[in-house]
Structures are given as structure tokens and as C-alpha cells.
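Remarks on the structure that follows.
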């Protein structure tokens, strides 16, 4: 067979496959495949495979998917049907004071389905090209209404926390921890006594996305964290650091109750729906204004370069620079800071 004859036959074969709607991938993947599971069968498998963080974020939305399509196979819904389900979820969301038209619920539904279908692709159940969730856009995220609190407002919050409630000592410790470190609630709740380095005044934070970092704290905060463990920890260095008086580990409920109580005494807290995350905005805004974006990013524990351009890949702040920013914020010298 000559080369020209072979080329002609290959061209004819490609033309025939094209007319039949068959790709080379279809031929390669041809053969017996596992039966396509239904959503009711597959979602429980994904639940036990993902991290606790993903399960917390997407579990409710997977429940909605199972309720709507439980007996349908994964390869049945079309992008249009996903958009229709997204619309139903968005329209039936519970309206709260800080509601924004159900956009967050719609975004989370699409993200939950994308996570589900990524697993299906990895498991060889569907092809990436056939992933319907990847073809559905998330609603555009609106700018956050959170902002930095004024110094006077922060003083009011701390004064009320220190004079109300059944455990002012604990509440004041939480507020100082979040104000100094700008950590998220999950980072604070995940702290263990073994994560404290008293000599260097550092704490080890583990936060969302599997990120972790050593974060400077003031000598005063470190002293109170150690005292808190001595009084409530029972000598357990592996368990949770933050605890109630009876020794039980803290949960997110403590934060919810704290801000409800603060809102009862400070109407502006209730009206604006102030939360712990506002403290993160407050601290990081202060750091950025005085020390620049690179140090603010390191202070926040941000590791990706999204939205910051390629420069963020090269301009990174050191732990010493973060400690210097903390020293300026608290007015206390820090052992890791520079230029003291």
C-alpha cells in the first residue's frame, strides 16, 4: 500500500466517523462500562469521600439535588435542566434581613453540582466533555457589604462583650484573637494547645482550603490563651484549645449567640448584621493601609495570586514583616518582628 493510498483511506475513515457522530475518544473508550448510578446512589459515595469543609458547604445542596433528581441517572440532566433547578433554588431561599435575592444559594448549587460531576469524571462515569454542570454559569458574585469597623465601634463591641453574657472572659478572648490575627472562625475553633509557641508568640492556624500558617500574636494574647488552657483544658494538648467553663470544646454556636447578644445591646450590630468576619475586614484593612498589599495578604493567609496579577507570585511578605505589623497594631513588641 502506497503512502498516498493510506492517506486517502484514513481521510475516508475520518469522514465516515464524523458523519456518524463518533469521535476517536468514543472508539478508545468503547467497551463495557460500569452502569450509570442515580443521584440517590452516587451522592452518598461522594459525601464520604470529600473533606468536612466541602461537605459543610455542599451537603445541603446535594440534598436538594437528590430530592429533585434522586432516581435519575447522572448522565440524564442537561445544562438547561440544571439552570432550571438553579432558578427554583434561588427563588425559594428563605428571605433574611441580609438576603441578596438568593444569589448565594444559586452559586452554591452550581458549585455543588460541579464538585459532584468532577468526581464522576474522575470515577470514569462520564467524560469531561459531557459534564453538564461545567456548562452552567454561576451567578455573578456581588461585592460584599462587609467593611472595616471604626475604632469607636470596635471599642463598643468589646465593652458589651466584657459586661454581658454568661462567660465574658471567653467572649473577650475570642474577640481579641480574631482582631489580632484576622483568622476565620474555623481557624480559631481548630486551634489546639500544641499549636501555641509561647517562646516566639506564634499560633498555628489551619483554615479553609487546607491552608495553614504560623501567625504572630501579642505576648498578652499568648498569655491569656495559655491561661485559658490551664483553667479549662484538663492538660489535653491534642484536643481543642477553646472551651466552655465545663470543659466542652467551643462550636460555631458560641459565635452566633455572641453576635445576637451584641445586637441586643448595640442596634447597629443587629441592623448591619455584623459578624466575626467583619473583624477580619477591620484588621486587614488597617494592615493594608499602613504596610501594603503584600503584608496584608500574608497576614490574611492568602496563598493564591487571583486578582493580584503576576507580581503577587514574586512579592511575598515574611513572617517577620507580619509580626512587625502586629506589633504596630497592638503596641506590644514581638520577638519575631524586625526594626524593634
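The values are calculated or read from the model by the stated rules, or taken from the named source; none is laboratory data. All of these numbers come straight from a predicted model, not from anything done at the bench. Positions of Cβ are generated from backbone atoms using ideal geometry, with glycine treated the same way; all protein chains shown enter the neighbour counts.
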> Of the numbered conditions (1) surrounded by 18 or more Cβ atoms within 10 Å (Cβ to Cβ); (2) at pLDDT below 95, residue 282 satisfies every one except a single condition; which is it?
Replying inline: (2)
> From the list 174, 205, which one is touching a helix residue (DSSP H, G or I) at 6+ places or on another chain (Cβ under 8 Å), within 24 Å of residue 53 (Cβ to Cβ) and not in a helix (DSSP H, G or I)?
Replying inline: 205
> So residue 297 clears everything in (1) farther than 19 Å from residue 152 by Cβ; (2) modelled with pLDDT of 95 or more; (3) assigned to a helix (DSSP H, G or I) except one condition, right? Which one?
Replying inline: (2)
> If you go through region 237-264, how many residues are in a loop (DSSP other than H, G, I, E, B) and surrounded by fewer than 15 Cβ atoms within 10 Å (Cβ to Cβ)?
Replying inline: 8
>> Checking the conditions here, which among 127, 176, 146, 140 is at negative phi and at pLDDT 95 or above?
In response: 176
> Among the residues of region 51-70, is there at least one that is in contact with a helix residue (DSSP H, G or I) (Cβ under 8 Å, 6 or more places away or on another chain), assigned to a loop (DSSP other than H, G, I, E, B), in the same structural domain as residue 113 (by TED's automatic domain parsing) and at pLDDT 90 or above?
Replying inline: yes
> If you go through region 130-168, how many residues are free of Cβ contacts under 8 Å to residues at least 12 places away in the same chain and part of a helix (DSSP H, G or I)?
Replying inline: 7
> Would region 140-159 turn up any residue that is closer than 26 Å to residue 51 by Cα and either in contact with a strand residue (DSSP E or B) (Cβ under 9 Å, 6 or more places away or on another chain) or crowded, with 17+ Cβ neighbours inside 10 Å (or both)?
Replying inline: no
> Could you list, in sequence order, the residues of region 214-236 that are in contact with a strand residue (DSSP E or B) (Cβ under 8 Å, 6 or more places away or on another chain), assigned to a helix (DSSP H, G or I) and more than 15 Å from residue 194 (Cβ to Cβ)?
Replying inline: 232
>> Of the residues 256, 236, only one is under 27 Å from residue 52 (Cα atoms) and over 26 Å from the mean Cα position of the chain (by Cα); which?
In response: 236
> Can you name every residue in region 213-236 that is more than 26 Å from residue 327 (Cα to Cα) and surrounded by 17 or more Cβ atoms within 10 Å (Cβ to Cβ)?
Replying inline: 232, 233
